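Below is one structure; the comments refer to it alone.
No value in this document is a laboratory result; all are computed from the given coordinates. Nothing here was measured: the structure is a model prediction, and the numbers come from that model. As a convention, Cβ positions derive from the backbone with ideal geometry for all residues, glycine included, and neighbour counts pool all protein chains shown.
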């Protein structure tokens, strides 16, 4: 089924609009109702007209019949003549009767001597002809009816047209109904009958019976009048009436249309125009918002009400719209801020792996997947000093923004407390105090904090209501380590946390996690559980920290399948590799010490050649290839110029360059400054595929350094930026 | 660094010798700014250039940008090591090297 799309008013042509108009509809309906009304009125008028005309004619014919009857019965013996004629007629056999119109038929009546001048018949013909000429009737005659044959037998006919005149005894067939009506008349009113005849058209016959002395009907005095005249009169009358009605119709329709135009069409068009403009204003974002309010309609009826209601609606819409705009803007702002919060939170957690590339004593990997945009879980790790690594995994109660805010505070307090060199238990105790003193929202956080002494592998840890860590001894299997639990942080004021020690040997692994891992649920709300987690830890490839974390994430995902992630999932894995104390390592250390040289200069480009000279001197002593030397020169220049231009700007400060050679023949050059903390490696590489005009002047330096050395890493320690490059000579 | 400039009508030939680095690049920049107006053909001869750092590249890039508007620029006699610097930084796609 297809629907034809309705055209809008604007799409219509002028002609369609006019046809579409209420005025046209009013015009049409007025004309149609006037025509119907006119036809009915005309019909009724014609009926009355013809009836009264007929009545008048009949009364004239009736007078003629009465006068004729008077003359015929008193001035002459019409009854006697009638009886004589009928006597002959009745005596005829059917066969003889059919001979009507012939000489033979006339001979049957010869005895009555109609041709005799001054006789009965002759007198009667003249008498009737006299009356006929006086009255405006068609014919006057005397006749009698033959019931048996349904015929009229003419006695005397005064037809002025001699050729049409019937002779006495002539008969003619008539309608039996009219015959019955005449024969059975009860004497009341006027006796007449209207009949269609072939010869004379529509005829009206008025009759008066003439009785003999005994009261028997001997014959009828009959007067014919032509109804044709009535019809002609009626036609003329109808024509005049029609013209008059048509004129009235047109006038009425015109007046009505004008009225409708003024009272309905114009105001409606104004309203329609206002709405068209209103929509157009919206589309074009115009400030005009008073299209309906400006309408000037004072019809004092529903149309005025409509225009007022529309003006009200317009006002309401404008108000609503401005509210909506404000709300939408607010929502957008919240959305933007939330995504910003996600990024801030993500950037709060250390997320570059390996985090300390120059520290070969341990390997670390961690991951956080929040259930919502922002989460309450966090992991953290930091070097407290050269020999101590802090490891944190924590879970803030609740989810979303409140948890994230709480997490930020928790992370900051925890790290700054631990960095002060407090032990694990002391850090948690202080953190608890900080939280309890100002915790109005009743939130709490579970924390597992471990501090690893890198040189010995001694791990000091404290647990504030957090999950048990899992530990794998070298060559063994992961097992839960059921440590001593303290209460959650932010629970009870004045808690003192206990710490425990754990000796890690090279090859041992530590895995900590938040409850998001064991409590991850599948679609049937079955939990992953710690048992399944430990099994998974031993099933997956657990050869390094990253593989452990990613393997558990995959196992959880596989278990959960399509179910929605309910809680944040966070985990951290650390493998202790042990301090480098194999004989080879010792040699390296000794070698490094031997070849170490240091230069401290003011960080200023003026000193570039001094720095380059210092480096080149040592490179030449090591027998470096000219190509490698040029590449290292490039790197040194770029790094030093960078420090000189930015580290202390606009003040001045020192830069220290340390040159060392590691076996086998690797130059290690370190740049240290006490300027603003800045990791040049985080800077995005320039797009070297751009055309000249799209290239920015500059930004190439650090990129060229990366391209020209084998290894480069940055750290901020002891309030110093430390950038190290390595390159095989 | 030594800079040798030769002008023939609207053609400017610049021969560089030595190191184009942070210290010397401003010198070249100044020389170019003085002479580049009205030049439609700029030729750098790097036959004697030993070293170029990002500061040098910066000057070459701005010269290329100017010449893109008013004519053409050609760099010739680039040695292997400097060519490597150009390649790493994508300058081989920007400069016309002969």
Order of A:271, A:451 - criterion: other Cβ atoms within 10 Å of each residue's Cβ, fewest first: A:271, A:451
GNM result for chain B, Cα springs below 10 Å: residue of B:63, B:47, B:37 fluctuating most strongly: B:37
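As a test of the formula, what do you get for the protein assembly as shown when each DSSP H run with n ≥ 4 contributes -39,500 (n - 2.57) and the sum is divided by the residue count, at 222 nm and rounded to the nearest 500 deg cm²/dmol?
Values: 22 runs with 356 residues, N = 827.
One gets -14500 deg cm²/dmol as the mean residue ellipticity at 222 nm.
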Spatial extent of segment B:2-94: Rg and Dmax, with the Cα atoms as the point set, Å: 12.2, 35
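Evaluate E = 1/(1 + (r/R0)^6) for residue A:689 and residue A:665, where r is the Cβ-Cβ distance and R0 equals 35 Å; express this FRET efficiency to the nearest 0.05. Mind dumping the intermediate values first?
On the way: r = 35 Å, r/R0 = 0.99.
The calculated FRET efficiency here is 0.50.
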Size descriptor, Kirkwood hydrodynamic radius, that averages inverse alpha-carbon separations across segment A:64-169, Å: 14.3 Å
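How big is the Cα convex hull of segment A:583-728 in projection, averaged over all directions, in nm²? Present the calculation step by step, with values, prior to reporting the outcome.
Details: hull surface 39.7 nm².
That works out to 9.9 nm², a quarter of the Cα hull's surface.
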For segment B:21-98 and segment A:646-720, distance of Cα centres in Å: 24 Å
Label-point separation, residue B:72 to residue A:651 (7 Å along Cα→Cβ), nm: 5.4 nm
Pair residue A:342, residue A:91: separation of 7 Å Cα→Cβ label points (nm): 13.6 nm
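Test of understanding: what is the full-extension gain from residue A:481 to residue A:247, defined as 0.36 nm times their sequence separation minus their Cα-Cα distance?
Working: separation 234, 0.36 × 234 = 84.24 nm, distance 11.22 nm.
Extra length from residue A:481 to residue A:247 when fully extended: 73.0 nm.
Return a whole-number percent for the relative contact order of chain A, with Cα pairs under 8 Å and 6 or more residues apart as the contact set. Display every interim value, and only then the final one.
Working: 1138 pairs, mean separation 57.1, N = 729.
With pairs under 8 Å counted, the relative contact order is 8 percent.
Fewest Cβ neighbours within 10 Å first, please rank A:384, A:334, A:454 accordingly.
Details: A:384 17, A:334 11, A:454 20.
Ranked by crowding around the Cβ, least crowded first: A:334, A:384, A:454.
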Segment residue A:493-residue A:312, extension gain: residue separation times 0.36 nm, minus the distance between their alpha carbons: 59.0 nm
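Counting only other chains, what is the mean number of Cβ atoms within 10 angstrom of the Cβ of each residue in peptide B:13-26? Working shown, then result.
Details: counts 0, 0, 0, 0, 0, 0, 4, 0, 9, 10, 7, 0, 0, 1.
Across B:13-26, the average partner-chain Cβ count within 10 Å equals 2.
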Alpha-carbon centroids, segment A:172-187 and segment A:473-499: separation in whole Å: 135 Å
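For segment A:169-219, calculate the relative contact order in percent as a whole number, restricting contacts to Cα pairs under 8 Å that are 6 or more residues apart.
21 percent
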Number of partner chain Cβ atoms within 10 Å, mean per residue of B:57-70: 3
At q = 0.05, 0.07, 0.11 Å⁻¹, base-10 log of I(q)/I(0) for chain A (Debye sum, equal scatterers on each alpha carbon): -0.57, -0.80, -1.17
Per-residue Cβ neighbour rank within 10 angstrom, fewest leading, B:5, A:277, A:283: A:283, B:5, A:277
On Cα atoms only, tilt of A:626-642 relative to the major axis of chain A in degrees: 70 degrees
Within segment A:255-296: backbone nitrogen closer than 20 Å to the residue A:323 label point (7 Å, Cα to C-beta): A:289-290
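If r is the Cβ-Cβ distance from residue A:553 to residue A:474 and R0 is 25 Å, what FRET efficiency results, to the nearest 0.05? Please report the intermediate quantities before stating the final value.
Details: r = 24 Å, r/R0 = 0.96.
Rounded to the nearest 0.05, the efficiency is 0.55.
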13 Å cut-off, amide nitrogen to a point 7 angstrom out along residue B:17 Cα→Cβ, residues in segment B:47-73: B:47-50
Cβ neighbours within 10 Å from other chains - mean over A:634-641: 4
Relative contact order (percent, whole number), chain B, Cα cutoff 8 Å, 6+ residue spacing: 27 percent
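If R₀ is 30 angstrom, what is the calculated FRET efficiency for the pair residue A:196 and residue A:40, using the beta carbon separation as r and rounding to 0.05?
On the way: r = 27 Å, r/R0 = 0.90.
Taking R0 as 30 Å, the efficiency between residue A:196 and residue A:40 is 0.65.
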0 to 90° range, to nearest 10: angle between helix A:424-437 axis and chain A longest Cα axis: 40 degrees
Cα centroid of segment A:266-307 to Cα centroid of segment A:352-415, whole Å: 63 Å
Contour minus Cα-Cα distance for residue A:173 and residue A:12 (0.36 nm per residue): 50.9 nm
Debye intensity ratio I(q)/I(0), log10, segment A:289-348, q values 0.12, 0.18, 0.27, 0.28 Å⁻¹ (C-alpha model): -0.51, -0.71, -0.99, -1.02
Debye-sum result for segment A:298-437 in log10 I(q)/I(0), which assumes one identical scatterer on each alpha carbon, at q = 0.09, 0.11, 0.15, 0.18 Å⁻¹: -0.47, -0.58, -0.86, -1.07
